[in-house]
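Notes follow once the structure below has been shown.
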Amino acid sequence: MKMISAIKFFHILIIVTIFLSCEKSAVINEAVTLRLWPMLEDSMTSTEKPLPSRGDGVLRITDISNPSLTIYPVGEAENPTPAVLIFPGGAYAYIAINKEGIDVAKWFNSIGVTAVLVKYTVPDNKEAAFKDGQRALRLVRHYAKEWNIDPQRVGVIGFSAGGHLAARLSTDFERELYTKIDSADTESCRPDFSILMYPAYLENKETHSLADQIKISAEIPPTFIVQTKDDSSLVGGAILYDQALKDAGISSVFHLFPEGGHGYGIWPSEYEVSNWPELCEKWLKEIGIIHKDNQ
C-alpha cells in the first residue's frame, strides 16, 4: 500500500508540475484573464452580458459587476516590453469590446507593446470604474516581471467614456480610493503615458471650463489626444484639457481632425483621423516608450 501511495504521489507531482509549467507558459505567450478584486474571484454568478446588436458590428458588453483585465503579451519578446491598459468607451453604460478593445490590443502587440484590456464596472458607476482603473494599473506593475513588462513604461488609452477614465487616472492618481487589500496595492497607479481618444466628460458645460474631476498638476504624464471638429458635443473638452496641460508645462500632443465624428475606434474609415495609429506609434517612439529592441 505504501508503494502504491508513493507511485500515486509521484504521478500527481508530475501532473501538477506539467500544469504549473503550462500556466507559466500561458502567462508569457497567450492572453490571460485576471479578476481585479480577490473578494470577487470566487463569485459563481456573472451578470455580464452583450447588448442587442445594432447592426454595426460593434460588440457592446454591459452589467460588468466582476471587473477583470486580460493581458495580450508580445509573443517571445526577449526584453521587457512597454504596456498599455485599454479602456473602451460606452458612456459608462457598456463597453465597446471589439473596436475599442480587442482590436486595439492586437494593434499594440504589432508594435511591440503588451496590451491589457480592462473590463471595468458598468453601468452608471464612474467611481467604481475609477477604482477598477487604479487597481488594474497596480496589478500590471505587480506582475510586471511575470508578464515581461517594464514597470516604468506602463500607460493608458481610453476611448470616449474610457478617455474620461484615462484622464482621471492620469490626473488624480495620488488619491487613495480604497483600502489596500494586498501587496499589489503598494504599487504606483500613475500612468507613464496617456492616450485619449475622443474623450468625453472633460468639460463643465455650465462654466465652459474643465470638469471638477480633472485635477491639473505638474505630475501628469505625457499625453496624446485625438479629436475631430465634428464631434461637436465633446471637442470643447479636449481643447480645454490640452490647453490646461500645456499651461502646466505638461507634454501634450493634440491632433484635431476636421471630420470623423465619434466612436470610430481603431477601425479604418474614409476619414483622415483613421491615421491616428501611425501618429500614436511615432509619438510613443519620440517619448521613449517604444524602443527598437521591442519591435
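The values are calculated or read from the model by the stated rules, or taken from the named source; none is laboratory data. All of these numbers come straight from a predicted model, not from anything done at the bench. So basically every Cβ, Gly included, is an ideal-geometry build from the backbone, and we count neighbours across all protein chains shown.
Of the candidates ILE149, ILE220, the single residue that is over 23 Å from ALA105 (Cα atoms), surrounded by 22 or more Cβ atoms within 10 Å (Cβ to Cβ) and within 20 Å of the chain's Cα centre (by Cα) is ILE220.
Please go through the range 57-95 and pick out each residue that is aliphatic (A, V, I, L, M) and surrounded by fewer than 21 Cβ atoms within 10 Å (Cβ to Cβ). Across the range 57-95, the qualifying residues are VAL58, LEU59, ILE61, ALA77, ALA91, ALA93. When the criteria are applied in full, ILE71 fails the requirement of being assigned to a strand (DSSP E or B) and in contact with a Lys or Arg (Cβ under 8 Å, 6 or more places away or on another chain). Assessment of the range 86-96 against the conditions (under 25 Å from ILE290 (Cβ atoms), modelled with pLDDT of 95 or more, in contact with a strand residue (DSSP E or B) (Cβ under 8 Å, 6 or more places away or on another chain) and in a loop (DSSP other than H, G, I, E, B)) yields at least one matching residue. Of all the numbered requirements in (1) within 26 Å of SER269 (Cβ to Cβ); (2) among the aliphatic types (A, V, I, L, M); (3) touching a residue at least 24 places away in the same chain (Cβ under 8 Å), VAL235 misses one, and that requirement is (3).
Check the range 178-189 and report whether any residue there is buried (at least 16 other Cβ atoms within 10 Å of the Cβ) and part of a loop (DSSP other than H, G, I, E, B). Can you show your working first?
We begin by selecting, within the range 178-189, every residue buried (at least 16 other Cβ atoms within 10 Å of the Cβ); these are 184-185, 187, 189.
Within this subset, residues satisfying the condition of being part of a loop (DSSP other than H, G, I, E, B) are 187, 189.
For the range 178-189, residues buried (at least 16 other Cβ atoms within 10 Å of the Cβ) and part of a loop (DSSP other than H, G, I, E, B): present.
Within the set LEU177, LEU139, the sole residue that is at pLDDT below 95, among the aliphatic types (A, V, I, L, M), under 23 Å from ASN66 (Cα atoms) and out of contact with any Gly (no Cβ under 9 Å at 6 or more places or on another chain) turns out to be LEU177.
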